[in-house]
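Worksheet: the structure to be examined is printed underneath.
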Ligand code: ATP
Ligand code: MG
């Protein structure tokens, strides 16, 4: 059998809907993939006929190609990933490539051929390509059924310019938009289950997330920081996080716990966190804050308390999980690969100095009165200055020029 060059076709439906922005999005996705796939034996990635095509080096093994395809599936902006071969615009060659692709597609009982030609200078039309390639496959697989509706495998055959691309193994990607096509956001990132999912959802909508983690240090250990680092390493694999700022928050929390009424403590901690995050967001030129809150989940996530925390900042605060049940969030954390890390116990600033009965319906006036006794402005400046940046490999992220430009 002939040796064909292995290719991976990357489809991106949603980008197709975006009119003029299309080429910007395509370029962004292309650059993201180039950087994320640097460990694989690629020759190049090109745009062809409304997709990206990843060309693998000659002699690349099947398992390496499959691992590369798996790495692409989770990248935001990718709607579908198909593994196959490039061959000549010749029906016998296409048939041979289709046989090979089908032999690598796993178990199946039924199939069909779906052919397209992008240029009518290829004399055979798509119906005839379907029939001819189909006949070659049927001859080799007399025991398999050809069906048009929901077959186990669809063999794609696409004639584009001077070549043909043939594939059989095709899986859905996570969709969304390429990271770096929707600006930057600052995400309050704990080591809990929710906030990594919230951050990831914003990345999937094309935002570049910068995490802000409040550690209980020096009042607690730095265990939560290690978990957040592990979480960031998971998100990094698909280019979904640029940087995480770790803010040592323990001393300020201790002071709040000594100076403020116990029932308002949590809201005061959270308002301070939001302010520090907003300061860091400004430094990073991020346009919004993001949290993992979901309505009513805990005492601080009532409508009144959400309002009382939002009132501390002027940036928009996005809560991608606001309407989700915990179980849905857990499922997504499992798919994402952060659930196990988040299930490990680490004291962070939120477990520290927790009051017995937190206020669930805080009144802004009471909160502001309690805050008036605290040196909030000084704390915000000190904490933002003390924030320690940790960088991750995100093709769409560039650090701000002056790391402490305030
Ligand atoms: P998570 O699982 O994301 O920690 P949670 O259900 O534990 O959420 P809270 O602890 O009330 O809820 O936190 C609500 C949100 O506040 C979090 O989703 C996160 O965005 C932010 N947050 C909480 N603790 C921290 C922290 N230590 N550092 C940064 N952000 C935090
Ligand atoms: Mg938490």
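The values are calculated or read from the model by the stated rules, or taken from the named source; none is laboratory data. Model, not experiment: these values are computed from the prediction. Cβ atoms come from the backbone with ideal geometry, glycine included; neighbour counts cover every protein chain shown.
Here are the numbers for this structure:
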{"item": "Answer from 312, 281 - the residue that is assigned to a loop (DSSP other than H, G, I, E, B), at pLDDT 90 or above, more than 10 Å from ligand 1 (Cβ to nearest atom) and surrounded by 20 or more Cβ atoms within 10 Å (Cβ to Cβ)", "result": "312"}
{"item": "Residues of the range 21-40 classified as crowded, with 16+ Cβ neighbours inside 10 Å and over 19 Å from residue 397 (Cα atoms), total", "result": "1"}
{"item": "Single residue of the range 137-193 satisfying the filter (farther than 23 Å from residue 9 by Cβ and assigned to a strand (DSSP E or B)) that is farthest from ligand 1 (Cβ to nearest atom)", "result": "145"}
{"item": "Residue 264, sole failed condition from (1) away from ligand 2 (no atom under 16 Å from the Cβ); (2) under 13 Å from the mean Cα position of the chain (by Cα); (3) not in a loop (DSSP other than H, G, I, E, B)", "result": "(2)"}
{"item": "From 21, 32, residue being modelled with pLDDT under 95 and part of a helix (DSSP H, G or I)", "result": "21"}
{"item": "From 329, 322, residue being out of contact with any strand residue (DSSP E or B) (no Cβ under 8 Å at 6 or more places or on another chain), within 16 Å of ligand 2 (Cβ to nearest atom) and over 23 Å from residue 224 (Cβ atoms)", "result": "322"}
{"item": "Pair list, Cβ < 7 Å and 6+ apart or interchain, from the range 364-378 residues that are free of Cβ contacts under 8 Å to residues at least 60 places away in the same chain to residues that are surrounded by 10 or more Cβ atoms within 10 Å (Cβ to Cβ) and assigned to a helix (DSSP H, G or I)", "result": "364/308"}
{"item": "Unique residue being part of a helix (DSSP H, G or I), out of contact with any strand residue (DSSP E or B) (no Cβ under 7 Å at 6 or more places or on another chain) and within 15 Å of ligand 2 (Cβ to nearest atom) when the list is 197, 234, 228", "result": "197"}
{"item": "Residue among 183, 176 that alone is under 30 Å from residue 400 (Cβ atoms), in contact with a strand residue (DSSP E or B) (Cβ under 9 Å, 6 or more places away or on another chain) and surrounded by fewer than 18 Cβ atoms within 10 Å (Cβ to Cβ)", "result": "183"}
{"item": "Members of the range 201-223 that are within 16 Å of ligand 2 (Cβ to nearest atom) and closer than 16 Å to residue 236 by Cβ", "result": "211, 213"}
{"item": "Counted residues, the range 194-215 - those being more than 21 Å from residue 278 (Cβ to Cβ) and either without any contact (Cβ under 8 Å) to a residue 60 or more places away in the chain or within 12 Å of ligand 1 (Cβ to nearest atom) (or both)", "result": "2"}
{"item": "Leading residue by the ranking (nearest to the chain's Cα centre (by Cα)) among those in the range 295-304 that are more than 7 Å from ligand 1 (Cβ to nearest atom) and assigned to a loop (DSSP other than H, G, I, E, B)", "result": "295"}
{"item": "Enumeration of residues in the range 367-406 that are farther than 17 Å from residue 185 by Cβ, part of a loop (DSSP other than H, G, I, E, B) and in contact with a strand residue (DSSP E or B) (Cβ under 9 Å, 6 or more places away or on another chain)", "result": "403"}
{"item": "Spans of strands (runs of 3 or more DSSP E) in the range 40-118 with at least 2 residues closer than 16 Å to residue 137 by Cβ", "result": "78-87, 110-117"}
